[in-house]
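The values are calculated or read from the model by the stated rules, or taken from the named source; none is laboratory data. The shown structure was predicted, so the numbers you read here are calculated from the model rather than taken from an experiment. Here the Cβ positions follow ideal geometry from the backbone for every residue, glycine too, while neighbour counts run over all protein chains shown.
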């Protein structure tokens, strides 16, 4: 670990973005090798959106995310070991091997799920904000959703409910320009998702999703407003997904035009690293963070590889509080 | 003990649980105006924060109940008519049923989703559903479907206290029926069925309001010398299979009476359970008396005959028992 910057929020922002990038780079590689089962939806290119948002939250604030779930928990400060173990389907995974790549959700960090039904986090977010309000807690609930999810009724219902009840909620639309393979312009009416805020009578804010400071400032203002009892805000982070909808699919779903290179030139980690250097942070300190993060990722992978798989009986746990009865004829063939 | 209606039993259960635990609150469409009479005086007693009218936004407020439950509340959602659960299938099936599982036990969702089975009164196909079998097919949801006021109160109180999500299907054909209901602490554990009438020739398993039709049929059958036992599972998930099997092993015959549509009904699941586990005890085929797989029409002349009736149950019993003939001396 680097000896500098443990308490410097600027370096923490950099560290969390690096963690996401390096965690996913490793995951993508071992997924290609067949070590991670299922689909892998990566967050690369969008790190500033998640980290900027979460840096504006307290540890005890709530967060609901999406199937593109690797970035959000890391942005909120989750430990890497249980996340990597989950990707490998191990018992020590954050979801005990029941969720996998689309559901990396660490409830100890205030997460209330990363859900793979697009848009379904909207009502949950409104409910968490209501629950906080009814219990007299000054917590807020933040909902990440994509441009694709903006077309789902659940998102509208969640925002309407939050607005009509003036709930402490923040809706962050991470507009990464594609819903699976479909460009946002073919799927979303109107120029900006954030413009829809006017329909709910709440603030709608558009922010550069590649600038972690800008995202943090916008979300911080929304969090202050929410905590003060003034209701929800809709924020749209204009960002970009480097990878295809899911990686290692063997074919390209989303052909990219020349704008791809322009977005890569505006890489959120590169932009922020440059900004820190210009502000006087020593490059060596940033390099030390990069190295420390690489060690953390390697440690997480080793932990995951060393961990046991869940036993068959666990497939029947957590449907309800009590384990379900296991049918004898299934057990016999397990 | 007091004689109260099914609706009053719902009101009492909600009132007592809200008094007992300040984490319990109720929200839904038109709960403040007390549309069906289950929240009489609630706003005065508990305040508008805990008795919340919602927008007409079932997926929104049912999902919000899930979110509130995840952060420590114990919501009761009044979705009024069970047909209105369909717009909320997304949140019920993908969030409420699955969150505990998918996050490896990190999430806890103690909530109750109440809705009524609003059939038999010319409300046409979109307001007359009995959709509990669809939810029986989704793991992660407990389901109660009581047939009398006493069970309604006891099961609803258990549902509110359960740490698992519970769907409460309240049969509107039972609403005004009065019953002796214990006051105060009267909690019936989820998953325990009840023998509503003892008998020896045939077991009739009734679902929700089907229990009351079955009881009437049992009285008619008694006149013909057929002794029917009537079982009410009360809870559909978890289902008290053992109670049903015990009864069928005794009588050797079974009829499942279910106001739901026939295909994949609760009656179908119970029939399969009997055939798989008590085949050796059966002396006749297991029969289902259900609503046929057509939609429910508006005109009462053609709606009423579609539901399980005393006559259809009696016919089914005659079929499985056979015509009783006096043995020659």
Quiz item: For the stretch A:23-65, how many residues are in a helix (DSSP H, G or I) and surrounded by 21 or more Cβ atoms within 10 Å (Cβ to Cβ)?
Solution: 13
Exercise. Kindly establish whether residue A:191 is more than 9 Å from chain B (Cβ to nearest Cβ) and closer than 18 Å to residue A:41 by Cβ.
Key: no
Quiz item: Inside the stretch B:65-87, can you point out the residues that are more than 18 Å from the chain's Cα centre (by Cα), more than 9 Å from every other protein chain (Cβ to nearest Cβ) and assigned to a helix (DSSP H, G or I)?
Solution: none
Quiz item: Based on what the data block shows, is residue A:75 under 19 Å from residue A:205 (Cα atoms) and surrounded by 24 or more Cβ atoms within 10 Å (Cβ to Cβ)?
Solution: no
Exercise. Run down B:189, B:165 and say which single residue is under 16 Å from the mean Cα position of the chain (by Cα), surrounded by fewer than 19 Cβ atoms within 10 Å (Cβ to Cβ) and within 14 Å of chain A (Cβ to nearest Cβ).
Key: B:189
Quiz item: Among B:149, B:158, which is buried (at least 24 other Cβ atoms within 10 Å of the Cβ) and within 15 Å of the chain's Cα centre (by Cα)?
Solution: B:149
Practice problem: Can you tell me which residue within the stretch A:98-116, out of those that are touching a residue at least 40 places away in the same chain (Cβ under 8 Å) and either in a helix (DSSP H, G or I) or more than 7 Å from chain B (Cβ to nearest Cβ) (or both), is surrounded by the most Cβ atoms within 10 Å (Cβ to Cβ)? | Solution: A:114
Quiz item: out of contact with any helix residue (DSSP H, G or I) (no Cβ under 9 Å at 6 or more places or on another chain) and more than 10 Å from chain B (Cβ to nearest Cβ) - does that describe any residue in the stretch A:130-143?
Solution: yes
Self-check item: Enumerated helices (runs of 4 or more DSSP H) restricted to the stretch A:168-260, each holding at least 1 residues that are farther than 15 Å from residue A:56 by Cα
Solution: A:184-187, A:197-200
Quiz item: What residue, of B:218, B:208, is buried (at least 24 other Cβ atoms within 10 Å of the Cβ), within 22 Å of residue B:169 (Cβ to Cβ) and touching a strand residue (DSSP E or B) at 6+ places or on another chain (Cβ under 6 Å)?
Solution: B:208
Quiz item: If you check A:278, A:283, A:259, which single one turns out to be within 29 Å of residue A:216 (Cβ to Cβ) and at pLDDT below 95?
Solution: A:259
Exercise. State whether one or more residues within the stretch B:66-79 are assigned by TED's automatic domain parsing to the domain that holds residue B:162, at pLDDT 95 or above and surrounded by fewer than 22 Cβ atoms within 10 Å (Cβ to Cβ).
Key: yes
Quiz item: Yes or no: residue B:37 farther than 17 Å from residue A:154 by Cα, without any contact (Cβ under 8 Å) to a residue 12 or more places away in the chain and surrounded by fewer than 23 Cβ atoms within 10 Å (Cβ to Cβ)?
Solution: no
Quiz item: What's the number of the condition residue B:237 fails, among (1) farther than 16 Å from residue B:269 by Cα; (2) within 13 Å of the chain's Cα centre (by Cα)?
Solution: (1)
Quiz item: In this structure, is residue B:95 at pLDDT 95 or above and facing chain A (nearest Cβ under 7 Å)?
Solution: yes
Quiz item: Has the stretch A:117-126 got any residue that is surrounded by 24 or more Cβ atoms within 10 Å (Cβ to Cβ), touching a helix residue (DSSP H, G or I) at 6+ places or on another chain (Cβ under 8 Å), farther than 20 Å from residue A:247 by Cβ and more than 9 Å from chain B (Cβ to nearest Cβ)?
Solution: no
Quiz item: What number goes with the only condition from (1) surrounded by fewer than 13 Cβ atoms within 10 Å (Cβ to Cβ); (2) away from chain A (no Cβ under 14 Å) that residue B:56 does not pass?
Solution: (2)
Exercise. Report yes if some residue within the stretch A:131-153 is surrounded by 24 or more Cβ atoms within 10 Å (Cβ to Cβ), free of Cβ contacts under 8 Å to residues at least 12 places away in the same chain and more than 29 Å from residue A:15 (Cα to Cα); otherwise report no.
Key: yes
Quiz item: What's the number of the condition residue A:210 fails, among (1) within 14 Å of chain B (Cβ to nearest Cβ); (2) surrounded by 24 or more Cβ atoms within 10 Å (Cβ to Cβ); (3) in contact (Cβ under 8 Å) with a residue 40 or more places away in the chain?
Solution: (1)
Quiz item: Only one of (1) closer than 20 Å to residue B:96 by Cα; (2) in a loop (DSSP other than H, G, I, E, B) fails for residue A:155. Which number is that?
Solution: (2)
Quiz item: Out of all the residues in the stretch B:102-110, is one or more within 11 Å of chain A (Cβ to nearest Cβ) and part of a helix (DSSP H, G or I)?
Solution: yes
Self-check item: Selection from the stretch A:66-97 of residues that are more than 10 Å from chain B (Cβ to nearest Cβ) and assigned to a helix (DSSP H, G or I)
Solution: A:71, A:72, A:73, A:74, A:75, A:76, A:80, A:81, A:83, A:84, A:85, A:87
Exercise. Evaluate the following for residue A:161: is it more than 19 Å from residue A:50 (Cβ to Cβ), surrounded by 23 or more Cβ atoms within 10 Å (Cβ to Cβ), within 14 Å of chain B (Cβ to nearest Cβ) and free of Cβ contacts under 8 Å to residues at least 40 places away in the same chain?
Key: yes
Quiz item: Identify, please: which residue in the stretch A:287-334 is in contact with a helix residue (DSSP H, G or I) (Cβ under 7 Å, 6 or more places away or on another chain) and without any contact (Cβ under 8 Å) to a residue 12 or more places away in the chain and is, among those, surrounded by the most Cβ atoms within 10 Å (Cβ to Cβ)?
Solution: A:319
